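Data block below; observations after.
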């Protein structure tokens with residue numbers, strides 16, 4: 001029988017040798033240390049491999065649970081982004097079904113000083129373009145500024161981030177009145193170049209009763225020089241009287257000059273004064289949400305209006321959400337039988353914090369000449 005004292009002494013010597021080896025190679029990696037111990041016959045190769053496996057498993061836990069990771073840069077920055085991968089089934093004759101990369105956003109944010117910060121957001125889907133690029137000055141809760149290319153403060157549905165929409169597509173009237181698809185200035189991702197002032201007032205029970213954002217913008221869209229000397233004034237006001245309840249309105253006053261590159265070049269009567277107004281309400285109670293907006297516009301000599309109402313509910317808490325929305329858009333109120341309506345049914349499945357699957361079926365209706373243009377879509381959102 002082996003002497004326990006001898007065994008214990010041998011183990012202590014092995015342990016001492018391990019620490020001496022580690023100290024002598026303190027600039028090397030753990031793998032280098034394990035290789036050295038194998039070479040000295042302190043441990044076997046199988047034992048070293050087991051240690052590597054255990055260390056790798058333990059490391060995966062905290063890494064997977066982390067919310068953010070450092071980026072090597074001159075100053076601390078936050079890098080994020082997302083992609084939208086979409087499949088569409090189009091009923092309308094002459095339009096092809098298929099998969100597209102709808103959005104590929106990369107978002108970079110950082111602080112210059114405790115008061116100054118910046119943001120640069122680009123979209124690499126299709127033709128790459130800058131979406132946001134602005135500096136932000138934060139002074140007080142009630143007094144802050146943003147300077148540069150940014151989201152215009154008009155409409156709840158417009159101002160909601162692409163990643164937070166209950167349905168992958170915005171309402172028709174919102175698209176047409178907020179510098180997006182269907183707007184007379186073309187699709188500018190709901191953004192323009194200008195200076196905005198924003199803030200909130202009157203804190204009551206962890207809520208701020210009043211919130212505002214108002215700005216002066218070029219009125220020409222993104223990544224473009226201004227068309228003329230005139231500027232657009234755009235603003236949005238919100239009241240938060242109760243927890244979960246938001247009530248507000250938006251206004252837009254601008255000018256479309258003859259030199260503007262219009263989305264609809266065959267409608268010169270839409271040139272000139274651009275006036276738009278909107279009223280909104282949003283209410284969330286536990287697992288149910290309700291949102292609605294009514295919008296009116298006057299582009300030149302053409303009067304327009306539209307509205308939507310959206311109801312959402314979680315059938316599985318924070319996992320599966322069902323959505324229904326009805327929206328209508330009249331692109332010229334002086335013309336009869338031109339109202340377009342959409343009834344959309346959707347479902348959102350939250351796969352992970354950074355992955356969302358959105359399915360929707362849209363029933364489209366038109367006054368006058370009807371078109372078989374219903375569509376179904378499936379969109380995967382992956383963010384980082």
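Read-outs throughout are calculated quantities, based only on the coordinates presented, and are distinct from any laboratory measurement. Because the structure is predicted, anything quoted here is derived from the model rather than measured. Cβ sites come from the backbone with ideal geometry, for glycine too, and all protein chains shown count toward neighbours.
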- With Cα springs under 10 Å, the Gaussian network model of the chain assigns the largest mean-square fluctuation among 268, 30, 203 to 30
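In what sequence do 301, 317, 84 fall when counting other Cβ within 10 Å, fewest first? Could you put the intermediate results ahead of the total?
Values: 301 14, 317 9, 84 21.
By the 10 Å Cβ count, ascending, the order reads 317, 301, 84.
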- Note on the structure: For the residue 337, residue 224 Cβ pair and Förster radius 35 Å, calculated FRET efficiency rounded to 0.05 is 0.50
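Using a 10 Å cut-off around each Cβ, can you sort 273, 151 from fewest to most neighbouring Cβ atoms? Each step should come with its number before you reach the end.
Working: 273 13, 151 22.
Lowest to highest Cβ neighbour count: 273, 151.
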- Query: Rounded to the nearest 500, what is the chain's calculated 222 nm mean residue ellipticity when only DSSP H runs of at least 4 contribute -39500 (n - 2.57) each, over all residues?
  - Reply: -5000 deg cm²/dmol
- Cα gyration tensor category, rounded, prolate or oblate, for region 186-286 with a/c compared to 1.5: prolate
- Quick one: P(r) of region 240-384 from all Cα-Cα pairs, 10 Å bins, percents rounded to integers, in order of increasing distance. 10, 27, 31, 24, 8, 0
- Task: Report the FRET efficiency, 1/(1 + (r/R0)^6), for residue 319 and residue 376, where r is their Cβ-Cβ distance and R0 is 22 Å, rounded to 0.05.
- Result: 0.50
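How would 38, 193, 139 line up from fewest to most surrounding beta-carbon atoms within 10 angstrom? Before the final figure, lay out the partial values.
Values: 38 16, 193 21, 139 10.
Sorted ascending by nearby Cβ count, the order is 139, 38, 193.
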- Just one of (i) 21.5; (ii) 25.0; (iii) 26.3 is Kirkwood radius over Cα pairs in Å as worked out from the coordinates here. Which one is it? (ii)
